[in-house]
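So that we are looking at the same thing, I have put the structure below in structure tokens.
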Amino acid sequence: MLNKTPIAGAVWEELNCDIVSDVCTISDEANGNHLSGKDNRFDNFNISNKTSKTDKNDIISISSYRLTSVCSDKSPGNEREIIQEIEKRDSSFEYYSILNCKRDGEKLFYEWYMIPKDYYLFKMKTLQHKIGQQGKKKGTIVGWSSDYCDILFSMSSQLWYKFMVKDIKKYRICSVEIDNSKPKLSYSQICSLLGDTA
């Protein structure tokens, strides 16, 4: 009703709290902070909120931690220390609450997933070097990879999870289709509707 831009980041953290507020006690909220790990707490469970997009091949990409403290182009690091750092940051929550978006012209398809953090897609047992294939980086270490993730030094050593939508279907809670071609409410219209209560 408000924005054409797909929901992302801190907006999902707040919206997710609104959605569950009638059925869960919310005792902790991220309020837009950028700390690693837990964002919100629903009942007794710590939640890491993520937004993602699906490409034309139904592959989901989810950005996670920046790992410059343990690996970079100046110091590639080692497998054991990188995995330990990821596990340390993961220790602050139990579930991923993921809002995935797929665009088809003017249509947006949202799906909400609640996935245990120990689901196999997020459990890293081994990492392998990613080697540059061209230019100045050819033959040098440019990052790390595992079955369902990549770490690229050129992207601030960001950890990216990548997997097929079908691999998480059993954790889908609900979905909704948005027709983005319909007129949106402007913020000034909302202000007028609220009148002096704003």
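The values are calculated or read from the model by the stated rules, or taken from the named source; none is laboratory data. A quick note: this is a predicted structure, and the numbers were derived from the prediction, not measured. Positions of Cβ are generated from backbone atoms using ideal geometry, with glycine treated the same way; all protein chains shown enter the neighbour counts.
In the range 85-103, which residues are more than 23 Å from VAL165 (Cα to Cα) and touching a Gly at 6+ places or on another chain (Cβ under 8 Å)?
Of everything in the range 85-103, those that are more than 23 Å from VAL165 (Cα to Cα) and touching a Gly at 6+ places or on another chain (Cβ under 8 Å) turn out to be ARG89, SER91, SER92.
Please tell me if ASN40 is under 16 Å from MET114 (Cα atoms) and at pLDDT below 90.
Details: under 16 Å from MET114 (Cα atoms): yes; at pLDDT below 90: yes.
Considered against the rule, which asks whether it is under 16 Å from MET114 (Cα atoms) and at pLDDT below 90, ASN40 comes out as yes.
With the structure loaded, tell me whether VAL142 is part of a strand (DSSP E or B) and not basic (Lys, Arg) or whether it fails that test.
Against the criterion (part of a strand (DSSP E or B) and not basic (Lys, Arg)), VAL142 qualifies.
On to the next question. Filter the range 167-197 down to the residues that are touching an Asp or Glu at 6+ places or on another chain (Cβ under 7 Å) and charged (D, E, K, R) and list them by number.
ARG172, ASP179
Only one of LYS137, LYS162 is surrounded by 13 or more Cβ atoms within 10 Å (Cβ to Cβ) and over 26 Å from ASN16 (Cβ atoms); which?
When all the criteria are applied, what remains is LYS137.
OK, next. Quick one: in the range 95-117, of everything that is assigned to a strand (DSSP E or B) and out of contact with any strand residue (DSSP E or B) (no Cβ under 7 Å at 6 or more places or on another chain), which residue is surrounded by the most Cβ atoms within 10 Å (Cβ to Cβ)?
It comes out as ARG103.
Still on this model: Can you find, within the range 43-83, the residue that is nearest to LYS102 (Cα to Cα) among those that are of a type in the set (S, T, N, Q) and over 18 Å from the mean Cα position of the chain (by Cα)?
Here the residue is ASN57.
So for the range 117-126 (the condition being touching a Lys or Arg at 6+ places or on another chain (Cβ under 8 Å), within 15 Å of VAL165 (Cα to Cα) and not charged (D, E, K, R)), does at least one residue qualify?
No - not one qualifying residue is present in the range 117-126.
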